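Structure first, commentary second.
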Amino acid sequence: MKKLFIKTYGCQMNVYDSARMAELLAPIGFCPSDTLDDADMVILNTCHIREKAAEKIYSELGRLRQQKEKRKLTIAVAGCVAQAEGAEIIARAPQVDIVVGPQSYHRLPEMIARIARSGGQALETEFPALEKFDALPNDASPGGVSAFLTVQEGCDKFCSFCVVPYTRGPEYSRTVAQIEAEAVRLVARGAKELTLLGQNVNAYRGEGPDGKTWSLADLLGRLANIDGLARLRYMTSHPRDMSDDLIAAHRDLAQLMPFLHLPAQSGSDSVLRAMNRGHSVAEYRRTIDRIRAARPDIALSSDFIVGFPGESDADFAATLALVRDVGFAQAYSFKYSRRPGTPAAAARKQIPDGVKEARLQELQTALGEQRAAFDTNSVGRVLEVLFEKAGRRAGQAIGRSPYLQAVHVENAAAHIGAIGRVHIDAVFPNSLKGRLVAEHEKAMRH
Ligand code: SF4
C-alpha cells in the first residue's frame, strides 16, 4: 500500500470531501497516513475563505518542493484554491502533479493513472457535480458517532464578498435516494447524529423518490425515520431560504436539534445591500421571531463581517444592536478582507485596518458575553449529551448537548456512542462540565 496524507483546510465540507477522497483512492492502493513524513502522495484540500489563502498555499507548496527533491512524492492541490487558481498553480508550482477542483475530485484515480502513464501535470476544474456524486464509492468510511453528509453544493447568491459561487459553482442538490442511502450506511457504521452540509443547505431542492422536488424539510422528515438515528443538524443556511416548512420542522421533528447557524453578516441595511445579501435587517429579525415561535429554546449562531467597505460607525452600531436584541448562543466574526475577483474587493471605500480591528474587538466582546450567558444558563440543568469520544483524563468522555455545546463528563467513557442525561455543573470558556444524572443524584444523597 502507498501512503496518502491529506491536509484539510477550512470548513466541514472540506472535511467531508477529504474523507471521500481517501475512500476514492483506497481501491487503487492508498491508505491514509497521519503524517507527511512517510507519505507517497499529499493532497492539500484548500479553502479560499481566509485572507491571502492562495499565497499561503504557495508557501506550503514551497516546503513540499523541498520534500520532493529528497524523495518520490506526488503532490495534489484540491479544494477552493485549486478551483480559483487553476492553471496558475500549474504555472507557478511545477512540483505540483495534480490540480483538482471541489467538483472534480472523483476524477483523482484517473488523473493519478494519467500522470503515472505519461508524466506531466493534470488539471481538472470543471463543475460536473452530478457526475461527481454518482462516481463516488458507496462504502462510506466510518464517520464516527457524529457524521457529516453533503446534501447540497454551490451557491447562486453571489454575496459581493464571497468566492464560493466561483469556486464551488452553481447550487446543486443530490437526490433524496442518494442521501438516504448514504445516511443509512453511516448509521449502520455507528453514526447517531448526522449533520447535513451545504454551502446553502436550506436552498436544498433535490429530486424525491416520487420524482417531485423535495425541500430540506422534506429531506429531514425522511431521514428522521432511519432507525438508530437520534439527531439531525444542518448547516450553513441563508436567511432567505428559511421557509415555513423548515421552521415547522424545528417544531415537529424530535430528531432535529434546537440549534441553527443563520449568518446575519451585518445589522445595517445599507451594508446588507452592498453585500448583496438579498434580505433586510427587519426580515432577518422576523425570521428569528418565527423560528423562536416554533422552537422557543433554539440556540442561534451567526457569522458577522465587520469593516465591510463603506461601513460607517452607525452601520456598525446597528450590528451591535442586532446582536443585543437577538442574543446568540455562539457566533463567528471576522474583519472584512478582500477576495480577489469579488465585487467588494474593488469597492473604493475600504475601511482602515485599525478601525476594523477596534470594531471586531467590540463585537467579539459582546458575542463572548452572550455566549457565556447562554452557557451559564445551562448550569443546574439536565441536558442530553451524545458522547462522541474519550477525553484527556481516564474515564472522561466528551459529547455535545442538543445546543452543540461541548460537554466534559467524568466516568462516562462507557457511554461513548450513546446519549446520556447529564447534570451540568460548571462552565468553561469553550465547554461545559457535568455529571451523569445517576452520579449527580448519588452525590446529592450523601
Ligand atoms: S450565500 Fe454564502 S456561499 Fe453564497 S455567496 Fe453568500 S456567503 Fe458565499
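Each of 73, 83, 48 was scored by the projection of its Cα onto the charge dipole of region 28-85, and the greatest displacement toward the positive side belongs to 73; charges sit on the C-beta of Lys, Arg, Asp and Glu. Under a cut-off of 22 Å between alpha-carbon atoms, report the lysines in cross-link reach of residue 335, not counting same-chain residues fewer than 8 places apart. List returned: 52, 56, 157, 349, 356.
Between residue 55 and residue 444, residue separation times 0.36 nm minus the direct Cα-Cα distance comes to 134.3 nm. The charge dipole of region 388-445, taken about its Cα centre with unit charges on the Cβ of Lys, Arg, Asp and Glu (plus for the first two, minus for the last two), comes to roughly 60 debye. Using the Karplus relation 6.51 cos²θ - 1.76 cosθ + 1.60 with θ = phi - 60°, the per-residue 3J(HN,Hα) values for region 374-379 come to 4, 5, 4, 4, 7, 5 Hz, with x marking Gly and Pro. Between 106, 415, 261, the residue with the greatest mean-square fluctuation in the GNM of the chain (Cα pairs under 10 Å linked by springs) is 415. Annotation: the antiparallel percentage among DSSP beta bridges lying fully within the chain is about 35. Springs join every pair of Cα atoms under 10 Å in this Gaussian network model of the chain, and among 199, 350, 83 the largest mean-square fluctuation is at 350. Net length available on complete extension from residue 313 to residue 91 is 75.5 nm, with 0.36 nm assigned per residue and the Cα-Cα distance removed. What the phi angles of region 348-355 give under the Karplus curve with 6.51, -1.76 and 1.60, with θ = phi - 60°, is a coupling list of 6, 8, 6, 9, x, 4, x, 5 Hz, glycine and proline written as x.
Taking only C-alpha pairs under 8 Å that are 6+ residues apart, what is the relative contact order of region 197-338 in percent? Here the relative contact order equals 21 percent. Taking one quarter of the surface of the convex hull spanned by the alpha-carbon atoms of region 176-280 gives a direction-averaged projected area of 7.1 nm². Determine the shape class of region 139-221: with a ≥ b ≥ c the square roots of the Cα gyration tensor eigenvalues, call it rounded for a/c under 1.5, and otherwise prolate if a/b is greater than b/c, oblate otherwise. Judged from the Cα gyration tensor, region 139-221 comes out oblate (a/c at least 1.5, b/c at or above a/b). Note on region 174-320: antiparallel DSSP beta bridges, both residues inside, total approximately 15 percent of the bridges counted. Note on region 301-364: dipole from Cβ charges, positive end direction compared against 344, 330, 301; the farthest Cα belongs to 344. In units of the rule-of-thumb radius 2.2 N^0.38 Å, region 319-438 shows an alpha carbon radius of gyration of 1.42. Taking only the Cα atoms of region 232-351, the radius of gyration and Dmax are 15.2, 49 Å. The shape of region 95-201 comes out oblate: with a ≥ b ≥ c from the C-alpha gyration tensor, a/c is at least 1.5 while a/b does not beat b/c. The magnitude of the dipole of region 89-195, with charges of +1 and -1 set on the Cβ of Lys/Arg and Asp/Glu and taken from the Cα centre, is near 260 debye. Legend: calculated FRET efficiency, residue 345 to residue 113, from the Cβ-Cβ distance at R0 = 30 Å, rounded to 0.05, equals 0.20.
Let a ≥ b ≥ c be the square roots of the eigenvalues of the Cα gyration tensor of region 1-124; is it rounded (a/c under 1.5), or, if not, prolate (a/b larger than b/c) or oblate? It is rounded, given that a/c, with a ≥ b ≥ c, falls under 1.5. An ellipsoid equivalent to the chain, defined through the eigenvalues of its Cα gyration tensor, has semi-axes of 35, 29, 23 Å when rounded to whole angstrom and sorted largest first. Extending 7 Å from Cα along the Cβ direction at residue 389 and again at residue 425 yields two label points whose distance is 2.3 nm. Helix content alone sets the calculated 222 nm mean residue ellipticity of the chain: runs of n ≥ 4 DSSP H residues at -39500 (n - 2.57) each, divided across all residues, give -11000 deg cm²/dmol. Here the 3J(HN,Hα) profile of region 406-419, calculated from phi with Karplus coefficients 6.51, -1.76 and 1.60 at θ = phi - 60°, is 6, 10, 9, 9, 6, 6, 10, 4, 5, 9, 4, x, 10, 9 Hz, Gly and Pro shown as x.
The magnitude of the dipole of the chain, with charges of +1 and -1 set on the Cβ of Lys/Arg and Asp/Glu and taken from the Cα centre, is near 780 debye. Among 114, 324, 233, sorting on how many other beta-carbon atoms sit within 10 Å of each Cβ, with the fewest leading, yields 324, 114, 233.
Bear in mind that the values in this text are calculations on the coordinates, not laboratory data. Values in this document were obtained by computation on a predicted structure and should not be read as measured data. Methodologically, a virtual Cβ is constructed for each residue, glycine included, from the backbone with ideal geometry; neighbour enumeration extends over all protein chains shown.
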